[in-house]
Every structure is written in structure tokens, then in C-alpha cells.
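Report on the following structure.
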Amino acid sequence: MAEKFGTDERGALIALTLANEEVPNAELVKTYGVKLSPTARERLETKGLIAVRKQSGRYYLQIKGPGITWCEDHLAEVEPPQRPGPMVRTVFEVLRRLVRRLRDRKVSLVDFLHGEDEQRRLDALDTAAPVDLETLIREAYRQLATRPQQFVRLAQIRPKLNGVAKAEVDEKLLELMKTSKAQLAPDSNRRGLTDEDRAAAIRVGREDKHLLSIGES
């Protein structure tokens, strides 16, 4: 059974799963009507369900794997509000059955909502002529970034690089950084780092970098 959270916390987790990308905190209010308090945001971050990044006084949120799992568990058992009409009861039943069927087939909710377009791009890469590593990195970054020069987590980029060895990827990332084609940055919120974040980090000097930003080619 999914851990219980307040209405805004639940709404934020579901909205971030639906977006499957980094979302400004203000956008949660504007697009989804979710007003996530600082206390609620910190709670979700501490539990490892979301990643939080602060830049220029603004907060940016992104769902993590455990957060997606929570949403799947919650939506598989979600109950309609009190005294629902027949339409509401029916829609909730369809939602529960859909999520359960996806889980039985071992298809994640995010893959169901977003995977087809990404898979089509990856298939195109597989059938095309051999692609160099910089192009692979740029393609992975393009899939994940929602605006120019956005910082994206290396833990999200590395799985999209067709199994290229970490050392080889690190070498290319350093090359891109030294030629000013990319920026590498640490995650200032060390408490929010997952094992995947730490494993994907690249060491530059005395500091681990967890985030990548790429400019226009």
C-alpha cells in the first residue's frame, strides 16, 4: 500500500509523473493547481520521491523512480471522493484497472505515457549509421531537457547512451566542458542525492558533478 500524503503532496507526485520532466514549482500551481508548501516539498525530497533544484531563487522539481512507484501503487488503489456520481465512480474504476493491468504487464506508468515517442527516436538511432558519442549525449540531453541550457541529471542521461562505458562518457563530458560546449554542476542538495545520482556523477577536481547543461550545437 502506498504511503499516505496530503492532497497537495499527492497532486504534486502525480503531476510530476505526468510531466516526467523538471517542472518549476510555480508551474505546478499554474498548470495543475497544486500548491506545494516548503514543508511538503522538503518531505517528498527527503523521502527520495522527487528531486529539487534551486536556481535564481526559483525551485524546480522532478519526479524520481521511487516517486513513480508511489504513484503507481496509489493509483492502483485510489478511491473516489465521498458521494461521487456514477461518472466519477466509473472513471476511477477505469483508472484503477488500467494501472493494475500495466503493473501486471511490467509496464511502468511513465513508459506508457511517454515511452512510445522516445522509443521511436531510439529505434531510429539504432537503425541509422553509427553515431558518435557526442551525438548520443546530445540526443539523450535533448530528450530530457525542456528548455535551452537546462541542467539535467547525469543519472537520467547515462542509461540512454547505449551502454557506453562510464569512463568513455566521462572523457567526452570533460571534453565538452573544456571546449565550452557543455557545463557540469554539482547538486547543491546533497541530502536529496540517490545512489543512482552518486554512481552517475563525474569527478572534476575535488568535486562530484551531477548535472549537465548543453548549449546549442
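What to note about this one:
- Some residue of the stretch 110-133 being polar (S, T, N, Q) and modelled with pLDDT of 80 or more: no
- Residue satisfying all of: in the stretch 152-171; farther than 16 Å from ARG142 by Cβ and assigned to a helix (DSSP H, G or I); nearest to the chain's Cα centre (by Cα) among these: ALA155
- If only residues of the stretch 18-30 that are crowded, with 22+ Cβ neighbours inside 10 Å and out of contact with any Phe, Trp or Tyr (no Cβ under 6 Å at 6 or more places or on another chain) are counted, the one that is nearest to TYR60 (Cα to Cα) is VAL23.
- The set of residues from the stretch 1-31 being under 17 Å from the mean Cα position of the chain (by Cα) and of a type in the set (Ser, Thr, Tyr) comprises just one member, THR17.
- Looking only at the stretch 70-91, and only at residues there that are in contact with a helix residue (DSSP H, G or I) (Cβ under 9 Å, 6 or more places away or on another chain) and free of Cβ contacts under 8 Å to residues at least 24 places away in the same chain, the one that is nearest to ARG43 (Cα to Cα): VAL78
- Residue pairs meeting the criteria (Cβ under 6 Å; at least 6 apart or on separate chains; first in contact (Cβ under 8 Å) with a residue 60 or more places away in the chain and farther than 11 Å from ASP8 by Cα, in the stretch 32-45; second β-branched (Val, Ile, Thr) and not in a loop (DSSP other than H, G, I, E, B)): GLU45/VAL52
- Here ALA15 fulfils each of the conditions (1) under 23 Å from PRO148 (Cα atoms); (2) surrounded by fewer than 18 Cβ atoms within 10 Å (Cβ to Cβ) apart from (2).
- Every condition in (1) over 18 Å from ASN20 (Cβ atoms); (2) not in a loop (DSSP other than H, G, I, E, B) is met by GLN82 except one, and the failing one is (2).
The values are calculated or read from the model by the stated rules, or taken from the named source; none is laboratory data. In this text, all values refer to a predicted model and were calculated from it rather than measured experimentally. Backbone-built Cβ (ideal geometry, glycine too); neighbour counts: all protein chains shown.
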